[in-house]
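To start, the structure itself, in structure tokens.
The values are calculated or read from the model by the stated rules, or taken from the named source; none is laboratory data. This is a predicted model, so every value here is computed, not measured. Note: ideal-geometry Cβ built from the backbone for every residue, glycine included; neighbour counts use all protein chains shown. Keep in mind that these areas ignore ligands, DNA and RNA; they rest on the heavy atoms of the full protein, side chains included. Shrake-Rupley method; radii C 1.70, N 1.55, O 1.52, S 1.80 Å.
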Amino acid sequence: MAKDTLTITDNRTGKTYEVPISEGTIRALDLRQITVDKDDFGLMTYDPAFMNTASCRSSITYIDGDKGILRYRGYPVDQLAENASYLEVAYLLINGELPTEAELDKFTDDVTHHTFVHENVRTFIDGFRYDAHPMGMLCASVSALSTFYPEAKHVMDRDIRRAQMVRLIAKMPTLAAWSYRHAMGMPFVYPSNELSYSANFLQMVKRIAEPKFEVHPEIVKALDVLFILHADHEQNCSTNVMRSVGSSRADPYVAVAGAAAALYGPLHGGANEAVLRMLREIGSLANVPAFIKEVKSGVGGRLMGFGHRVYKNYDPRAQVIKRLADKVFDLIGKKSPLLAVALELEKIALSDDYFVSRKLYPNVDFYSGLIYEALAIPVDMFPVMFAIPRTSGWLAQWEEMLLDKDQKIARPRQIYTGYDERKFVQMKDRTAAVATPELKSNARETD
Ligand code: CMC
């Protein structure tokens, strides 16, 4: 009869072990019993970059990379994008169910009434250099919020924890918009309680002297859809940081700052910024073949906005965004000249063996930058536009981690590859260190 176990024979000793299989996994700790002698620490797995390791059990987001499926709490992301608002989705992520009308009203009211930040935060942001990157300012200012809410460290107290979750969802757009205004040398705009989450963000970014800020409702809806598509993505790099920082019971402000820092990188949330810079560099259709050739030869960097660790068929978010881009261009009445370059890159990449054989498809970041550009949001702001909505996902994952009895402080093991014990060398006897070939090859550039 079939059994949910794995039988392992250790050929070093000839011993056989039977370990349970549960939910398609074996427990790494079950391997520890496999030893060669009593001094042996026991078998470990080696999995740099978590290529095949589940670090948690989670009921928030489901992805099937081969089938191109993305669901939040069971709901397909395209249905949410079509029918829900971003705050409805944020509620769903952190509470597990879609809100009733009364629940959504209460949540919206709570978020709306926490959008202001302490006036000292304004002074804090003012202290940055005039040309500081908004993402750097966002990371620093969200971390600074920790100092305004010292009670936030009581992460196991539900009421305190939930209060900070609302504050973070509410204040991220304010910090993000103010970072932008500072970089542009423009006065800060305070939140407006009459506006929806996305409309309020747009007015804090764009308002100049209009007595009443008005924006086409379809543009607000488009931003809301972008926020929904970016709200969560299970155990990605930044979420892993959120869980990891949070696992030491640090408060959620510094944990979100850490997660945002991870998101900043060009291989993650910084990719939308990198895509637009890449499209601008290519400039015209005529330059596309030469660019593709360089990417394939490995000298020209990567085709930004392509490829994903999990999606090996298509990224469902990219499909929604591509349709959204057409809608936004129609509303605004002009197409980005870079759209033609993007479409040509996509066409070539989807038929070229280099990309096809590596299962590299457009990801969420390939078209989102073109929409932001059409909304006149500067390229530096793109990763910030990702961080605002991802905050709800980070918080849902953070709370799930805190309440998960299986979790402890995150602490991976290593395979030590350094020297064995050596005797201390006095200064007078030392020679200049020369980088070893191993160190040089480890320092390879990835972008
Ligand atoms: N352009 C050209 N070649 C690529 C690309 C790309 N965008 N992505 C992967 N490859 C190649 C890579 O060189 C390698 O080739 P080989 O087998 O010959 O060495 C192969 O494909 C596998 O790549 P990998 O780096 O092992 O794959 P990964 O799963 O570690 O990386 C990724 C995933 C998203 C970091 C990577 O595809 C990439 O760098 N893409 C560009 C950056 C990007 O668009 N990031 C946004 C990701 S979606 C938003 C988010 O969730 O943050």
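Some observations on this one:
- 5 angstrom amide H check on THR5, placed H, neighbours 5+ away: ILE21
- With the convex hull drawn around the C-alpha atoms of the chain, the volume per residue stands at 221 Å³.
- Shape call, the range 141-300: gyration tensor on alpha carbons, a/c limit 1.5: oblate
- Options TYR46, GLY283, HIS216, ranked by Cα towards positive dipole end of the chain, top entry (Cβ charges): TYR46
- Extension gain (nm, one decimal) between LEU267 and ASP330, 0.36 nm per residue minus Cα-Cα: 19.6 nm
- In nm, spacing of pseudo-spin labels at GLU214 and ALA432 (7 Å Cα→C-beta vector): 7.0
- J(HN,Hα) series, the range 382-391, from Karplus relation 6.51 cos²θ - 1.76 cosθ + 1.60, nearest Hz, glycine and proline x: 4, x, 5, 5, 7, 5, 4, x, 5, 4
- Surface analysis of the range 291-362 yields an accessible area of 53 Å² per residue, using protein heavy atoms and a 1.4 Å probe.
- Taking packing as the residue-averaged number of other Cβ atoms within 10 angstrom, the listed peptides 235-242, 224-231, 66-73 run from highest to lowest as 224-231, 235-242, 66-73.
- Helix-derived mean residue ellipticity, 222 nm - over the chain, DSSP H n ≥ 4, -39500 (n - 2.57), to 500: -15500 deg cm²/dmol
- Each Lys and Arg contributes +1 and each Asp and Glu -1, all at the Cβ; summed about the Cα centre of the range 322-368, the dipole is approximately 160 debye.
- The slack in the chain from GLU119 to ARG12, taken as 0.36 nm per residue of separation less the alpha-carbon distance, amounts to 31.9 nm.
- Computed packing ranks the peptides 40-50, 288-298 as 288-298, 40-50, most packed first, by mean other Cβ atoms within 10 Å.
- Applying the Karplus relation 6.51 cos²θ - 1.76 cosθ + 1.60 with θ = phi - 60° to the range 35-46 yields 3J(HN,Hα) values of 10, 8, 8, 5, 8, 6, 5, x, 5, 10, 9, 10 Hz, where x marks Gly and Pro.
- Taking LEU267, LEU29, LEU370 as the candidate residues, the one with maximal mean-square fluctuation in a Gaussian network model of the chain, Cα springs under 10 Å, is LEU29.
- Taken per residue, the accessible surface of the range 179-253 reaches 39 Å², heavy atoms only and a 1.4 Å probe.
- Net dipole in debye of the chain [+1 Lys, Arg Cβ; -1 Asp, Glu Cβ; about Cα centre; nearest 20]: 1040
- Per-residue ³J(HN,Hα) for the range 240-248, Karplus 6.51 cos²θ - 1.76 cosθ + 1.60, θ = phi - 60°, Hz, x for Gly and Pro: 4, 5, 4, 5, 5, 5, x, 5, 8
- Surface listing: ILE21, ILE348 arranged by accessible area from highest to lowest gives ILE21, ILE348, probe 1.4 Å.
- A Gaussian network model of the chain, with springs between Cα atoms under 10 Å, assigns the largest mean-square fluctuation among ARG302, ARG358, ARG161 to ARG358.
- For the pair ARG413 and ASP66 in one chain, pulling the backbone fully straight at 0.36 nm per residue adds 121.9 nm over the alpha carbon distance.
- Ordering GLY96, SER244, ALA231 by the projection of their Cα atoms onto the charge dipole of the chain, which places +1 on the Cβ of Lys and Arg and -1 on the Cβ of Asp and Glu, puts SER244 at the extreme positive end.
- Top positive-direction residue, dipole computed over the chain with Cβ charges, set ILE60, ALA84, ALA152: ALA152
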